[in-house]
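A.B. asks: What follows is a structure written as structure tokens; I'll ask about it next.
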Amino acid sequence: MEVLFIGGTGIISAACSALAVERGIDLTLLTRGRSVRPARPGARLVEADFRDEAAVERILAGRHFDAVVDWIAYTPQDVQRDIRLFQGRTGQYVFISSASAYQTPAANLPIRESTPLENHVWEYSRNKIACEELLLNEYRQSLFPFTIVRPSHTYDQCYVPVEGGYTVIDRMLRGKPVVVHGDGTSIWTLTHSSDFAKGLVGLLGNYRARGEVFHITSDEWLTWNRIYQLLAEAAGVSAELVHIPSDLIAAYDSRIGDSLLGDKTHSAIFDNSKIKQVVPDFAATIPFSTGAREIIAWHQANPAGRKIDPAFDEMCDRMIENYRKAWPVNP
């Protein structure tokens, strides 16, 4: 197969690029070349700014792809551009949506692909919903060959999957308390990018995926308390967790608040039977206990990745101090 990735060196897409090349796919990456993750050897690299539609049109002139995956489409305008560029130029267009587009909080668990799309808090999620609706309408009108994929919270060794990123690990290493939203007992699903890749690559060129929607997640469910504890254990320290309500965190930082109230505050458990039916060899096999050790090992070996956010660090100190004054019995 000849496949184009728009992006291809991100948290999720880098693992998908590696597996695609490993499986013999003729892969082209169209990227700006700014990621900390190097392009996969064996993939053809084309550096360009995909927002420059005229330049991309010149680069793609005369080419046809069995599948195109856009990893960096976030708005309906992005998808409309893709339809213009790839109508008649690909046998399959894969849009990377988000599991945060599902009804939040979900009225029923586990979440299935048929769960309604509804997010009144997070603009990011509402934009993904609008993109999906645009593709559905285009399919009805012109049979534009879409496949929609909804990742949940996916990570790799370069990415610490908690608010604040490596700053949280640094606080743990310095013996400082870390903030956990709510009481830390809501259930969450973290998926290793290498596991996600098995599902995504299995959908490429798969005739059963045309006009269909899939989420691809792990089947491991963890509380947020356990997620933070596993990161601390991997770092060789104990974590002092301070539980603060999500809406109070949102009052300190609206961006983090949108991500919490529009997604992470609520339990998320997924039924992966659809992707397993269409991609029989899909199985998520990497538990977060292993992923956490990979994260810590990578950051220990890469000083440039150990970036501290002073503003986030200071906000945590201030938030914890103020909360303990108002609620001194907080565990």
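A.B. asks: Okay, helix-only estimate at 222 nm for the chain: each DSSP H run of n ≥ 4 adds -39500 (n - 2.57), divide by all residues, round to 500 deg cm²/dmol; what do you get? If you can, show how the numbers build up before the last one.
C.D. replies: On the way: 12 runs with 130 residues, N = 331.
Calculated from helices alone, the mean residue ellipticity at 222 nm is -12000 deg cm²/dmol.
A.B. asks: Between Ala48 and Val237, 0.36 nm times their residue separation minus their Cα-Cα distance comes to what? Could the numbers behind the result be given before it?
C.D. replies: Details: separation 189, 0.36 × 189 = 68.04 nm, distance 4.32 nm.
Extra length from Ala48 to Val237 when fully extended: 63.7 nm.
A.B. asks: Going by amide H atoms built from the backbone, whose H comes under 5 Å of the H on Val180, apart from near neighbours?
C.D. replies: It is Val242, His243, Ile244, by chain and number.
A.B. asks: Continuing with this model, one more query. Fewest Cβ neighbours within 10 Å first, please rank Cys16, Cys158, Cys316 accordingly.
C.D. replies: Values: Cys16 28, Cys158 19, Cys316 24.
Going from sparsest to densest Cβ surroundings: Cys158, Cys316, Cys16.
A.B. asks: Have a look at the DSSP beta bridges in the stretch 1-130 and tell me what percent are antiparallel, nearest 5. Spell out each step's value before the answer.
C.D. replies: Numbers: 1 of 18 bridges.
Given both bridge residues lie in the stretch 1-130, the antiparallel proportion sits at roughly 5 percent.
A.B. asks: Given H placed on each backbone N at 1.01 Å, which residues far from Tyr102 in sequence or on other chains put an amide H within less than 5 Å of it?
C.D. replies: Amide H neighbours of Tyr102, under 5 Å, 5+ apart: Glu118.
A.B. asks: Where in the stretch 37-139 are there trypsin sites (Lys or Arg not before Pro) that are in a DSSP coil and have at most 16 other Cβ atoms within 10 angstrom of their Cβ?
C.D. replies: On the way: sites: Arg44, Arg51, Arg58, Arg63, Arg81, Arg84, Arg89, Arg112, Arg126, Lys128; in loops: Arg51, Arg63, Arg89, Arg112.
For trypsin sites (Lys or Arg not before Pro) across the stretch 37-139 that sit outside H, G, I, E and B with at most 16 neighbouring Cβ atoms in 10 Å, the list reads Arg51, Arg63, Arg89, Arg112.
A.B. asks: Counting other C-beta atoms within 10 Å, and keeping those with at most 11, which DSSP coil trypsin sites (Lys or Arg not before Pro) do you find in the stretch 222-331? Let's see the in-between values first.
C.D. replies: Values: sites: Arg226, Arg255, Lys264, Lys274, Lys276, Arg293, Arg306, Lys307, Arg318, Arg324, Lys325; in loops: Arg306, Lys307.
For trypsin sites (Lys or Arg not before Pro) across the stretch 222-331 that sit outside H, G, I, E and B with at most 11 neighbouring Cβ atoms in 10 Å, the list reads Lys307.
A.B. asks: Still on this structure, I have one more. With a cut-off of at most 10 other beta carbons within 10 Å, and DSSP calling the residue loop, which GluC sites (Glu not before Pro) in the stretch 87-165 qualify? Please list them. Working shown, then result.
C.D. replies: Values: sites: Glu113, Glu118, Glu123, Glu132, Glu133, Glu138, Glu163; in loops: Glu113, Glu118, Glu163.
Answer in residue order: no site qualifies.
A.B. asks: While we're on this one: With an 8 Å cut-off on Cα pairs and a minimum separation of 6 or more residues, tell me the relative contact order of the stretch 185-258 in percent.
C.D. replies: Values: 49 pairs, mean separation 23.5, N = 74.
Answer for the stretch 185-258 is 32 percent.
A.B. asks: Pop the C-beta distance of Trp221 and Ser114 into the FRET formula with R0 = 25 Å and round what comes out to the nearest 0.05.
C.D. replies: Working: r = 20 Å, r/R0 = 0.81.
The pair Trp221/Ser114 has a calculated efficiency of 0.80.
A.B. asks: Within the chain, which whole H helices from DSSP have a Cα span along their axis of at least 18 Å and a mean Kyte-Doolittle hydropathy of -0.5 or more, if any?
C.D. replies: Details: long enough: 123-142 (28 Å, -1.07); 288-301 (19 Å, -0.02); 310-326 (24 Å, -0.95).
In the chain, the long hydrophobic H runs are 288-301.
Where a number appears in this text, it was derived from the coordinates with a stated rule and is not lab data. These figures come from a predicted structure and were not determined experimentally. All Cβ positions, even for glycine, are placed from backbone atoms using ideal geometry, and neighbour counts span all protein chains on display.
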